[in-house]
1. By a straight-distance test (C-alpha under 22 Å), which lysines pair with A:K209 as possible cross-link partners, with residues fewer than eight away in the same chain excluded?
2. Provide the descending list of Cα extents for region A:72-273 along its principal axes, expressed in whole angstroms.
3. Would you list, by chain and number, the lysines whose Cα falls below 28 Å from the Cα of B:K127, excluding same-chain residues fewer than 8 positions away?
4. So what is the relative contact order of region A:72-273, in percent, for Cα pairs below 8 Å that sit 6 or more residues apart?
5. Through the Karplus equation 6.51 cos²θ - 1.76 cosθ + 1.60, θ set to phi - 60°, convert the phi angles of region B:491-507 into ³J(HN,Hα) values in whole Hz; use x for Gly and Pro.
6. So, how do all the Cα-to-Cα distances of region A:1-63 break down into 10 Å bins, in percent, from 0 on up?
7. How large is ³J(HN,Hα), in whole Hz, for each residue of region A:46-62 in order, when computed from phi with the Karplus curve 6.51 cos²θ - 1.76 cosθ + 1.60 and θ = phi - 60°, using x for Gly and Pro?
8. Considering amide H positions built from the backbone, and no H for Pro or chain starts, which residues 5 or more places from A:S353, or on another chain, come under 5 Å of its amide H?
Amino acid sequence: MKFILYVLASLVLFGLSVLLSLYSSANVYSATVMISQSPVHITIGLNVCLCLFFAIANALKTLLFGSLQTFELELLYEQFWITLTEIMLAITVFREAISISFFMLLSTLMFARVFHSICSFRTERLQIQLTDQRFHIFSRLTCAYFVLSILDASLIYLCFTSEHLGDKSTRMLFVCEFSVLLLNLTIEASKLCIYLYEARHLDQVWDEKSTYLFRLEVCRDGLRLLAYSLLFMYQFPYVSVPIYSIRQMYTCFYSLFRRIREHARFRQATRDMNAMYPTATEEQLTNSDRTCTICREEMFHPDHPPENTDEMEPLPRGLDMTPKRLPCGHILHFHCLRNWLERQQTCPICRRSVIGNQSSPTGIPASPNVRATQIATQVPNPQNTPTTTAVPGITNSSNQGDPQASTFNGVPNANSSGFAAHTQDLSSVIPRRIALRDGWTMLPIPGTRRIPTYSQSTSTTNPSATPTTGDPSNSTYGGPQTFPNSGNNPNFNRGIAGIVPPGWRLVSSNTQSLSTNSAMTSLYQNASSADNNLGSSLPNVVPLSRGLTQSNETSNTFPAASSNISSQLRELHTKIDELRETVSNFRADYNSIRTSLNQLEAASGINERIQTTSADSLLNSNGMSGTEGFENTQTSITTNDNQSSILTSSDQTSPFATDEDRQNSRNVQLETVDENF
Amino acid sequence: VIGGEFSYDNIDKKPILVASYPEGSRFNVSASIKTLPDLVTLTFPKLVKDPGYVYEEAEKGDPESQFLIAMLYAMGPDERLGLSFPRNEPLSRIFLELSATQNYTYALLALAYKHLNGLSTPMSVDKGVELYKQVAHQISCLVQPLSHFAPDIAAEYPVDLYDLSRTSSYSVQKKDDIVEYLKDYALRGNNISAHISLATIYQYGTPGKLKDIKLAVKHYLAAIRLVNSGIPDSPSEAIKSIHNNPRHAPTTKETANSLSIAAFRLGCMALHGELGKPDPSLAYAWFEYGVSLNHSSSKAAIAYMYFMGYPVAENTESITKLLENALASNDPLAFAVAGKVSLANGQIDEATVHLIRAVSNGHLESVLHIADIYYGSNNQLSIAYYENFISRVLELFDVKTISFDPLTRHFAHRLSAELGNLMSQILAAKDRDPSTSYLKTVIFPTNEQTHRNARIAMNYYSRAAARNHIHSLIKIGDFYRMGLGTSAKPELAFSYYSQAAAIHPSALAYWRLGWMHEYGVGVPVDFEMAKKNYDNALMHDTRAFLAVTLARLRMRLSSPDSWFSNIYRILGKVTYKFLKLVQYFIINIFDILSPAGPDSQLPPEPPTLQVDRTPQQPDPQETSESLPSPNTEEMGESYNDIRFTYDYIDGRFLETACVTLIVVVVGLVLMRRHQQHRLQERRERIIRRQNRA
C-alpha cells in the first residue's frame, strides 16, 4: 500500500514537472531541455524511473516468486548491500561521469542479482521439499529460470551491441557481470535437475549426488574466475588498479579453494564411514534417547530391529539406517550423518570435528565393538591423541589445566574407578575433559587455583556419592569420569555437589537431549538446591549449547564471586528450569501431535492433506502459500523430514526459537548465500 | 591651474560640461542628456496620464515631446500600455526630423536606426553612420575617460528567447542582500575591502540603489582612515594631511591595494567634478598617493594627466615611463590611455591594438575611439562599435529596468527597440509573444488579442531577425507555422527554419525541421530527412538528447513498417480525444470563473482601421474607451508579472520550493500513516500479550 502510494506520488510529481516545463517553455524542445537540465526536474524524473523500475521489479517478483518470507527478505537485504558495496568499488575505476544509462544498468544488475539469489535459494529449498514429489515442470521456479535467463541473455546482448550504453570498459563490466549471473543460473538449473532426478528415484539412495554437485560448483567457480580474469585483463590497460575485478577474482579463487578443501575433508570424513564411526551398541542407544537428531526418527541397532517393523513405512533401497556413533559420542543414522557431512565435517550437535580422530589410521576396519573400546580408551587420554575431543577454544582456555593433564597418564585404572579416585588426588590428576552423558562435559573453570583444598573437603564429605552405579555402557563410552546416569539414585541429589569438583563446571552442548530427559531437569534443580547448602564455592553449572568458550568470561569471575552473584545465578537457573519445563511440555505436545499425525497418515495415506491440515501452511516452503511466519531454517535444512519442523515453526514465540537458534539459522543461510555468489 | 574650462580631450578638444559647448555647434544640446531609463521614468507617467499635453508640447517645438510622439506613432496602438496612437510611419518620421533638427540625441539615434535599416526611408548606411557618430559624440560627455568601465550587459545577460541556456538570472534581491551584508561588515568589522565595495556600489549605483556620491566619498575616506587614522572628512584636506604627516605604510598587500583603489577613485571623482568643481590638482594629488602605493591604474591616470597637460606640463618622457610600468601589469586603464596617446600621435595601428584590449576589459571611452578609427574605412564595424557605445552609455538595455513596474519596463523596452537595440527588441517581442507557453498555446484557442500581440511581437522579431538573431528567425517561423498574427503558412515557416539552421547551426532549428519532416508540415512526410535533421540537432547540442530520443521513439513506433504503428495510431487518437476533452473542460472552467469572457468583450479592431486613422487628432478619450475591459487587462498583467518575476528573479527558487513542498507534504502523509500503523500494531501486540496472560 505504501509502495503504491509512493508510486502514485512520484507519478503525480513527474506529471506536474512535465506540465510545469511545458507551461514555461515555448515548445516541446525547450521543455525537454528544461527537464533534462534543471536539477529539480532531473531529480523528479529519476525518481519516477526508479519508482517504475521498482514497480516492475515488484511485479516480476510477485509473478515469479510470490510473496517472500522473512528470512528471504533478510537475505535479500544483505544481498542488496553487498551488491551496492561492490558497485561502489566498481565505480571507482570509471573515468567518465556516471550517466543515466549507467545508473539504469546498475539498478538492473542489482535486481537481477537479487532475483538470482532468490532463485538459487528456492532451488535449495526445493531439494528438501521434493521428497513429496510435488514438483511440476511448469512451476513458478522453472518460469523464473526461463525469464531470468532471457533477461540475462538480452542484457548481455544489449551491452555488447548498443554503443550508447556507455564506453567500452563499462559495457564489458556489465557483460561480465551478467554472464556470471547467467552462469550461476545454468548451474542452479543443473542442480535442480539433479534434485529432480533424485526425487524421481526416491526408492534408491544416490550417493554420487554430492560428487556431481561438487563438480558443478567447482565448474561454476572456475568459470567465474575465468570471467573475472578476462575482465581484469580487459580493464588492466585502462585502469591502473582495477580493484573491482581483483576483488572478484580473489573471492572466486578463495571460494574455489575452500570448496575443494571442504570437499577433500568431506571425502576424508566419508571415505570409510563404516570403519571410522562405530555402530552404536544397544546399550549406548538405550542410554541415549534413541532419537536421531537429524531426522528425528528412532534409532535401532541392526541386530535389535524394532518389533513393529510391519507398521513402518518401507525404507528406500540403499538407505542405511544403522546408528553410528561419532567420536564425540553422539549417535546418528548413517544416512543422516552422511547427508550432514556433505555440508559440514563437524558433529551436528556439539560441533566437534569428526575427522581429527582419524589422524592415526587404523589400517584394517575394526569391528564396532573393538573400535568403540579403542575410542573409549583414547578419549580420556590426551597424550595419545592431543586433538581428540578438544575443541581448540577449550585447550586454549584451560591452559592452567595442562600441567595436571600431563600427570593424567599416571591414572592406572581408567576403566573402573569412579570420580572419587580422582577427587582424592585432584591436585595431581585432573582430567582435561571429563566426559559425562551425551552432550554433557565437565570443563575446568579458568582462573581457579584453590582446587585442592576444596576438593578434599568435598571428597571427604561426600564419599558415598562418588562411586559409579556401575553402568557398563558409561565406562565403555565416556571413560572413568562418566556422570552417573541414574535419576533414581537416592544419593544422586547430594551427589551432584560432590561429583563436580570445585573449579569445574558442567557444560551442556545439547539442549535437546536435556529437555527430553526429565531426570536431568531434576538434576539441575537439585544442583541449585545443593548450591544453597554449600554456599559460594559450589561448582558452576552452565548450560551451553554450542560455543563453549562463550561462558569462559563469566566463569572467570566465579572463584571470587560473592553470594550476591550466586543468588543471581540461582535465579537464572530457576528461570532456565522453568523454560525447560515449558520446553518439555511442548515436546510432549509435539509427541502427541506426532503420534496423531502418524495415525492420520496411516489412515489416509495422503501426505499432502496431512501437511495442510496438521500444522500451519508455513511448511509449504515453496513460498506460494504466502505466509509470513518465521521458519526455522536450520531444522528445515538439516532434516529431510518436513514434519519435524512443524513444532519449531508453528509458533513464533516458541522457546525453541531462541536467539541462538536464530543466529545459527542465519549462519547457515549466510553460508548458502556466500556460496551462491 | 585651469579650473572649470580646461579642454577635456586632446583628440577632439571636447569640454567636460555640456553647457560650455560653443553655441550652435552640433554638440550643443538644448537639454542635458538623459539615459533611457531616466527618460522613461520621467516621461512615461506623463504619456499615460495626458498624451494630449505631450502632443501639444511637441507641436510647440519641444524636441523631447516631438521624439516621444514620433515613437508613439511608430509603435502603433498598444492596449496594455494604454496608448492608442495609430501606427503611422511617415508621421513618426516627420516628428523625428523635427526633433533631430534641434539635435535631440534620441531623435538622431532613432533616425540613424531608420536609415540603417531602411524603415520608412530608403536605406542609407552612410547617413546612418554619420548620425551614429553624431549621437556618440554628443553623449560622450556622459563618459568619464578614466573611470568609466561598464559591463556589456547585452553580452553578459543575453535575452534567452526559448529559455534554453537556463543560466542563473540577475537578481535584485540578491544585490540588496549584498549591500546590507557589506554595510554590516564595513561598519562593525572595520574591513577595508567592505568599505571599498560599499563605496563602489554607492558611486555607480545598482538597479536597487541610486547613486550617492557623498556616501561613496565617506566610505572611501573611512577605508583610508582605517590605515591613516585621524584624517579629516573632506577629500582635499584628507590628502593634504596624508601628505603632511606620512603615517606608517599599510601592512599587507591587500590593504595597499584597497587603499590605492580608494585613492584612485577619489582622484577620478575630483577630476570629473563629482566633488564639486573639477579639480585636476586634487585629482593629481590622489593619483600620486595611489602611485606611492604602487597602483597601476593610478600610474596610468598620472600618465593621462601628463598627456592632457593639467595640472602639470605635458611630459612625454614621464608618460612613456609611467605607461610602460602600468602596461606591464596589464592594467586596462593603461591600455586605454596608451591607445589614446598613440591615437594623438597618429599611430593608428598601435592605438587600435591598445584600444581593443581596453575595450575587452570594458573601458567605455575606448569603444568610441575604435568606432572613430573605423569610421569611413569600415562602416559595418564602425556601426557595431557606435551602437555598442551608445547602448551602453544611454543604457538602452540595462538591468536597471528590472526595478521598474512591468508597464514602464515594457515601454522602456519598446522605446529601446525602436531605437534599434537588439536585445531590447527581443525582450519587447517576448513581452508580447503569445506563444511563450506551449501549454497555453495548446489549450487556449487564439483570439483577436492574441493576434494583435503576435503582430507586435512579430514586428520586433523580424527586426531582430534582420540582424541574424537565430531564435528570432525561428520565432517568426513558429508564428507562420501556427498562424499567429498572420495566416498559417507552413511552407514559409519551413523556409525560415532552414534559414536559421543555415545561418547558424542550432539544435532547435534542426529539431523543428526534423519535426516538420516527421509530421509532414509544410513539406511531405519524409522520415529519412527527419532522422537526418534530428541527428544534426543532437550533433550540435547534446542537450537535445531527450527531445531527439523521444522523436526517434515516436518515429519508430509510427513508421508504417512497424507492427506497432496501428496500436500507436489508435492510442494517439484516444489520447488526442482525451486531451481535447481536458481542453474543453479547462476552457469552460475559465469561462465559468470569469463570466466577462475575455474574447467577447474585446472590440474587434482590424489593423487597417488603425492605420487609416488620421494622425492629427489622437483623441485621449477614445483611447481610454478602446481599452479592453479592466478584468482581462488585470489578468494579462498579473500573468505578465508572474512570468517576468519567474524569468528574471528566482525561477529556480520557485521551482525548488514547489517541489520541496510537495515532497514534504507527501512525506508527512506517509510518515503519519506509518506511525499510525505502528501504533496499531503495538496495541494489537499488547492486547495479544494480555490475552495470553
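The values are calculated or read from the model by the stated rules, or taken from the named source; none is laboratory data. It should be emphasised that the depicted structure is a prediction, and the values quoted were computed from it without experimental measurement. Here Cβ is always computed from backbone atoms with ideal geometry, including for glycine, and neighbour counts include all displayed protein chains. These area figures cover heavy atoms from the full protein model, side chains too; ligands, DNA and RNA do not enter into them. Shrake-Rupley method; radii C 1.70, N 1.55, O 1.52, S 1.80 Å.
1. Cα-Cα hits under 22 Å: A:K191, A:K324.
2. Computed over the Cα atoms, the extents are 60, 38, 30 Å.
3. Cα-Cα hits under 28 Å: B:K13, B:K14, B:K34, B:K60, B:K114, B:K340.
4. On the way: 141 pairs, mean separation 46.5, N = 202.
23 percent.
5. 4, 5, 4, 4, 5, 5, 4, 4, 4, 4, 5, 6, 5, 8, x, 10, 4
6. 23, 43, 23, 10, 1
7. Karplus values, whole Hz, x for Gly and Pro: 5, 4, 5, 4, 4, 5, 5, 4, 4, 4, 4, 4, 5, 4, 4, 4, 4.
8. When sequence neighbours closer than 5 places are left aside, the close amide H contacts are A:C347.
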